[in-house]
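Q: Right, I'll just put the structure down here and ask away after.
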Amino acid sequence: MSGADDFAPRLLAWFDGHGRHDLPWQHPRTPYRVWLSEIMLQQTQVKTATGYFERFVAALPDLPALAAAPLDDVLALWSGLGYYARARNLHAAARRCVDDYGGELPRDLDALTALPGIGRSTAAAILSQAWGERCAILDGNVKRVLSRYHGVEGWPGKPAIEKQLWTLAERHVAHPSLAPARMPDYTQAQMDLGATICTRAKPACVLCPLQSDCVARIEGRTGELPTPRPAKVLPQRSAQVLWLEDAQGRVLLQRRPPTGVWASLWSLPQLDDAEGTDAWWSSHIGTARSEGAALDPIDHAFSHYRLQLHPRRWSGVEPAPRLRDNDALRWLRYDELATLGIPAPVRRLIETARN
DNA sequence: AATGCGGGGAA
DNA sequence: TTCCCAGCATT
């Protein structure tokens with residue numbers, strides 16, 4: 001057997017001295033807190049998620065509390081974190097746990113994976129960290145570490161490559177020296193190595209416990225592995241944003257459609273173009289409208305397109321009958337904005353320009 | 001197999 | 001600027 005077989009014990013020995021032992025979800029490391037952290041950390045860096053995690057568990061300290069909370073409260077706690085389907089799935093999964101599993105997470109890979117928002121890697125992370133089950137994870141860190149360690153070519157997002165990496169991850173987690181009691185540390189160790197040593201750019205190979213057997217290190221190819229995602233040009237879109245204030249200085253928010261970006265979040269009324277704005281104004285207000293005050297455009301980048309928002313502002317708008325609060329429209333005081341899930345750039349616009 | 005889905009950190 | 005991060009669901 002080559003040294004590749006020693007992956008797990010070497011990693012674990014390194015973790016004891018150099019891993020991260022003070023992350024907020026580690027104290028206490030309950031299934032609920034592990035679950036929440038794993039969901040928040042999907043496509044999200046630790047530094048970004050930490051503050052959200054602290055606020056979330058302070059407001060909703062356990063699974064039954066989450067299940068009992070209104071979805072809008074959960075979205076408000078998620079506001080600014082992005083990928084809001086995670087929050088909706090989290091909430092739905094909590095309710096299903098109350099209905100089907102006595103208010104706890106199931107200790108079972110298939111049952112966990114069947115819950116919304118939990119895939120194979122997240123389920124394995126929960127099982128290994130919360131209960132010490134022998135499960136392999138494969139997140140962005142592990143993909144990078146294994147791609148380099150084994151010299152796996154090809155973009156890890158490609159299903160065929162991902163399948164290879166799963167096989168390698170399963171092999172390492174099966175190492176006989178790896179005791180179940182150390183599974184939480186082993187799982188954490190892989191992510192810590194990827195986050196602190198085997199980083200995307202300029203990895204600290206000289207500090208790596210796996211350096212003597214790492215193919216990328218040995219062949220001087222850490223800059224080429226893992227193979228980057230094929231580049232593509234992002235489409236550019238634009239939209240009109242309407243900032244309406246009534247005589248009391250309240251702002252009009254509209255619930256976004258249940259599908260698409262920012263699904264079901266509250267935001268300023270947003271239209272595709274000038275014609276859309278005209279139509280919205282006539283259907284919601286009726287009277288002829290003024291131009292409003294044009295504000296600086298906002299450039300926002302999504303992972304799949306760029307969006308330029310063109311905000312305009314009106315004050316002293318008299319609510320027409322159809323403009324009263326309903327399921328999709330709400331006049332809100334500025335000090336109430338924190339109670340709703342609002343897209344980050346829209347919240348930023350309002351907070352910075354509201355004087 | 002490919003695409004949709006946020007926001008921010010880092011080079 | 002560009003890349004990608006503790007991914008998953010949908011098509």
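Q: For the range A:236-353, how big is the tail of P(r) above 26 Å, as a whole percent of Cα pairs?
A: Counting pairs separated by more than 26 Å, the tail of P(r) holds 13 percent.
Q: 222 nm [θ] for chain A, helices only, -39500 (n - 2.57) per DSSP H run of 4+, per residue, to 500?
A: One gets -12500 deg cm²/dmol as the mean residue ellipticity at 222 nm.
Q: Another question, if that's okay. Nearest 10 degrees, 0 to 90: what angle lies between the long axis of helix A:85-100 and the longest principal axis of chain A (Cα atoms)?
A: 70
Q: How many percent of the alpha carbon pairs in chain A exceed a separation of 34 Å?
A: On the way: 24782 of 62835 pairs.
Of all Cα-Cα distances in chain A, 39 percent exceed 34 Å.
Q: With a 1.4 Å probe and every protein chain left in place, work out the accessible area per residue of chain A in Å², rounded to a whole number.
A: Numbers: 17270 Å² over 355 residues.
About 49 Å² of surface per residue is accessible.
Q: Could you check what % of the DSSP bridge pairs in chain A are antiparallel, to the nearest 5?
A: Details: 15 of 25 bridges.
Counting only bridges with both partners in chain A, antiparallel ones make up about 60 percent.
Q: Can you compute 3J(HN,Hα) from phi for each residue in the range A:56-67, using the Karplus curve 6.51 cos²θ - 1.76 cosθ + 1.60 with θ = phi - 60°, rounded to whole Hz and x for Gly and Pro?
A: 5, 6, 5, 7, 10, x, 9, 4, x, 5, 4, 4
Q: Build a GNM of chain A with springs between Cα atoms under 10 Å: which of A:VAL152, A:VAL233, A:VAL317 gets the top mean-square fluctuation?
A: A:VAL233
Q: Kindly count the pairs of lysines across chain A whose alpha carbons are less than 18 Å apart, treating pairs on different chains or eight or more residues apart as eligible.
A: Values: A:LYS143/A:LYS158; A:LYS143/A:LYS163; A:LYS143/A:LYS202; A:LYS158/A:LYS232.
For chain A, qualifying lysine pairs total 4.
Q: While we're here: If you plug each phi of the range A:102-108 into the Karplus form 6.51 cos²θ - 1.76 cosθ + 1.60 with θ = phi - 60°, what whole-Hz ³J(HN,Hα) values come out, in order, with x for Gly and Pro?
A: With coefficients 6.51, -1.76 and 1.60, one gets x, x, 10, 6, x, 8, 7 Hz.
Q: Going by amide H atoms built from the backbone, whose H comes under 5 Å of the H on A:VAL317, apart from near neighbours?
A: A:GLU245, A:ASP246, A:ALA247
Q: Restricting to DSSP loop positions (anything but H, G, I, E, B) with no more than 15 other Cβ atoms inside 10 Å of their own Cβ, which trypsin sites (Lys or Arg not before Pro) remain in the range A:237-331?
A: Working: sites: A:ARG237, A:ARG250, A:ARG255, A:ARG289, A:ARG306, A:ARG312, A:ARG313, A:ARG322, A:ARG324, A:ARG330; in loops: A:ARG250, A:ARG289, A:ARG324.
Here the trypsin sites (Lys or Arg not before Pro) that fit, given the DSSP loop and packing criteria, are A:ARG324.
Q: Taking amide H positions as placed in the peptide plane 1.01 Å from N, state which residues far from A:PHE302 in sequence (5 or more) or on other chains have amide H under 5 Å from it.
A: Long-range HN contacts for A:PHE302: A:LEU307.
Q: On to the next question. In vacuo Debye scattering of the range A:29-69, one point per C-alpha: log10 I(q)/I(0) at q = 0.22, 0.35 Å⁻¹?
A: With one equal scatterer per Cα and no solvent, log10 I(q)/I(0) is -0.68, -1.23.
Q: Could you report the accessible area of A:LYS158 in Å², rounded to 10, computed with a 1.4 Å probe on the protein chains as they sit in the structure?
A: 120
Q: Can you give me the Kirkwood hydrodynamic radius for the range A:1-92, using every pair of distinct Cα atoms, in Å to one decimal? Spell out each step's value before the answer.
A: Numbers: mean 1/r = 0.0676 Å⁻¹.
With all distinct Cα pairs of the range A:1-92 included, I get 14.8 Å.
Q: At 25 °C and 0.890 mPa s, what whole-number value in µm²/s does Stokes-Einstein give for the translational diffusion of the range A:196-282, with Rh from the Kirkwood sum over Cα pairs? Show your work: numbers first, answer last.
A: Details: Rh = 18.2 Å.
For the chosen part, D equals 135 µm²/s.
Q: Further question on the same structure: How large, in percent, is the carbon and sulfur part of the accessible surface of chain A at a probe radius of 1.4 Å?
A: Values: 8940 of 17270 Å².
Within chain A, the accessible surface is 52 percent carbon and sulfur.
Q: Something else: Please identify, among A:LEU60, A:LEU307, A:LEU253, the residue showing maximal mean-square fluctuation in a Gaussian network model of chain A using a 10 angstrom Cα cutoff.
A: A:LEU307
The values are calculated or read from the model by the stated rules, or taken from the named source; none is laboratory data. It should be emphasised that the depicted structure is a prediction, and the values quoted were computed from it without experimental measurement. Here the Cβ is made from the backbone with ideal geometry for all residues, glycine too, and neighbour counts use every protein chain on show. Surface accessibility is based on the protein's heavy atoms, side chains included, excluding ligands, DNA and RNA. Shrake-Rupley method; radii C 1.70, N 1.55, O 1.52, S 1.80 Å.
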